[in-house]
Each structure stands twice: as C-alpha cells, then as structure tokens.
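*Asks:* Sharing a structure below in structure tokens format, with a few things to ask.
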Amino acid sequence: MTKIKQLTTPLTLEQIKNLKAGDQVSITGVIYSARDAAHKNMVDALKENKPLPIDVTNQIIYYAGPTPAKPGKAIGSCGPTTSGRMDAYSPALMEHGLKGMIGKGPRSKEVIESMKKNGAVYFAAIGGAAALIADTIKKVDIVAYPELGPEAIRRMEVENYPCIVAIDSEGNDLYEMGVKQYRVED
C-alpha cells in the first residue's frame, strides 16, 4: 500500500527535498488560488518594482477558478486548470519565494529549470474531481484582485487536500516518466 505523505504549509525546504515525482500527498494549511489574469497582474507588479498582493514565500498557488459556494459550503467546485497557461509567469514568482504549484498537465522546460534552481515542486490535482476537492477547502477569503471574479486571488484553508507530486525539485517529471514506462518501441 502506498503511503500518503502529509504536508503542512508553508512548505519547508526539508519537505520539498523529501518529495519525489509520483508521491501521493495530502496538504493541510493555507494555499492560494490564482489563474492567468492574477499571475499577469503579479508579474507586472514585480516588473514595476511594486509589492505583490500576497507574500508568496514558501507558499503554494493552486491554479483554479472556483465556482460560487452553495449554502453551507466554503466554496463551489474548485478543480485545477491547465498549468501551462501560467508557465510565462511562474519562474518570476519562484524567484520571489514561491515553493509549490498545483494544477494539471505538463510544464515547460523553463518552469522545470526554475523549479530546480529555486527548490520548488509541482503538484497535479485530479481533474474531474472538483466537487471532491472543494470538500477539503474549509475557509476562503478573496485577498487580491476581486475585480477578476473567479480569477481573483483567494486564501484557502485546506484540510487533507489530495494531490500527486508531478515534478519534484530535482526536475523528475511524472508526465515523462509515465510515458516512458508504457511506450512500446518498434
């Protein structure tokens, strides 16, 4: 039976170094949600030498745009979005201390190199499980860019949020490893 690694946020260098591509994890603590527009705003702020609206140091950003909460719930469906859309912005945020990203799909070579350089990790969330994921989110507050609606930055308190290490801090990439494992050579 595979052991699920328990993580608490903010992430530590020790936690990150102990994660390997393919590890199943359960995250408890605070994570932030942000999508394309919020990432662009943050990187534009950095280019203008302005402070970020949140301190990304040792934090995790979840690439999600949740739906409105139903009565009695902290949030509506909250599934991952395609991570590649954040690739142009992720290295700049890692340079400012971001240590974890959650989304779905592969990442660019530049993002993986930045992860190795900055000691960061990329987690894959389970696409199609948005309602299940929402049950792990206990509290939500919009903390920046409310004008962006679902793409606003949200502070989320999560409990046992399930995901898989897709790319570890050494650059081992589960997306490539999986293909190699099942590729049939002629």
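The values are calculated or read from the model by the stated rules, or taken from the named source; none is laboratory data. Keep in mind the model is a prediction, meaning the values are calculated, not measured. Here the Cβ positions follow ideal geometry from the backbone for every residue, glycine too, while neighbour counts run over all protein chains shown. Each accessible area value is taken on the protein alone, full model and side chains, heavy atoms only, with ligands, DNA and RNA left out. Shrake-Rupley method; radii C 1.70, N 1.55, O 1.52, S 1.80 Å.
*Asks:* Just to be sure I understand the curve: with the Debye formula and one point per C-alpha of segment 73-181, what is log10 I(q)/I(0) at q = 0.12, 0.14, 0.18, 0.20 Å⁻¹?
*Replies:* So the normalised log intensities work out to -0.44, -0.61, -0.98, -1.16.
*Asks:* Ignoring ligands, DNA and RNA, what percent of the 1.4 Å accessible area of the chain is carbon and sulfur?
*Replies:* Its accessible area is 53 percent carbon and sulfur atoms.
*Asks:* The chain: longest stretch without exposed GluC sites (Glu not before Pro) (DSSP loop, at most 16 other Cβ within 10 Å), sites themselves excluded?
*Replies:* That would be 49-169.
*Asks:* Hey, another quick one. What is the Cα centroid distance between segment 33-63 and segment 79-144, reported in whole angstrom?
*Replies:* Here the two parts' Cα centres lie 12 Å apart.
*Asks:* If you put +1 on each Lys and Arg Cβ and -1 on each Asp and Glu Cβ, how big is the dipole of segment 62-144 around its Cα centre, in Debye rounded to 20?
*Replies:* Here segment 62-144 has a charge dipole of around 180 debye.
*Asks:* Also, quick follow-up: Please name whichever of MET101, MET177, ASN49 sits farthest to the positive end of the charge dipole of the chain, dipole taken about the Cα centre and charges placed at Cβ: Lys and Arg +1, Asp and Glu -1.
*Replies:* Of the listed residues, the answer is MET101.
*Asks:* Give, in whole angstrom and from largest to smallest, the semi-axes √(5λ) of the equivalent ellipsoid of segment 1-145, with λ running over the eigenvalues of the Cα gyration tensor.
*Replies:* Gyration-tensor ellipsoid for segment 1-145: 22, 20, 14 Å.
*Asks:* Under the rule of at least 5 residues apart or a separate chain, name every residue whose amide H is placed under 5 Å from the amide H of LYS99.
*Replies:* Hits under the 5 Å cutoff: ASN58, GLN59.
*Asks:* In square angstrom, what is the accessible area per residue of the chain with a 1.4 angstrom probe?
*Replies:* Dividing the accessible area of the chain by its residue count gives 50 Å².
*Asks:* Can I ask one more? Taking the Cα centre of the chain as origin and charging only Cβ (+1 Lys, Arg; -1 Asp, Glu), how large is the dipole, in debye to the nearest 20?
*Replies:* The calculation lands at about 340 debye.
*Asks:* Can you return the lysines within cross-link range of LYS116? Criterion is Cα-Cα under 28 Å, with same-chain partners fewer than 8 residues away left out.
*Replies:* Partners within reach: LYS3, LYS5, LYS17, LYS20, LYS40, LYS47, LYS50, LYS99, LYS104, LYS180.
*Asks:* Return the calculated 222 nm mean residue ellipticity for the chain, to the nearest 500 deg cm²/dmol, obtained by summing -39500 (n - 2.57) across DSSP H runs with n ≥ 4 and dividing by the residue count.
*Replies:* Helices in the chain give a 222 nm mean residue ellipticity of -6500 deg cm²/dmol.
*Asks:* So, one more: Please work out whether segment 1-79 counts as rounded, prolate or oblate from its C-alpha gyration tensor, where a ≥ b ≥ c are the square roots of the eigenvalues and a/c under 1.5 means rounded, while otherwise a/b larger than b/c means prolate and anything else oblate?
*Replies:* Note, shape of segment 1-79 comes out oblate.
*Asks:* Out of segment 1-60, which trypsin sites (Lys or Arg not before Pro) are coil in DSSP terms and have no more than 11 other C-beta atoms within 10 Å?
*Replies:* LYS3
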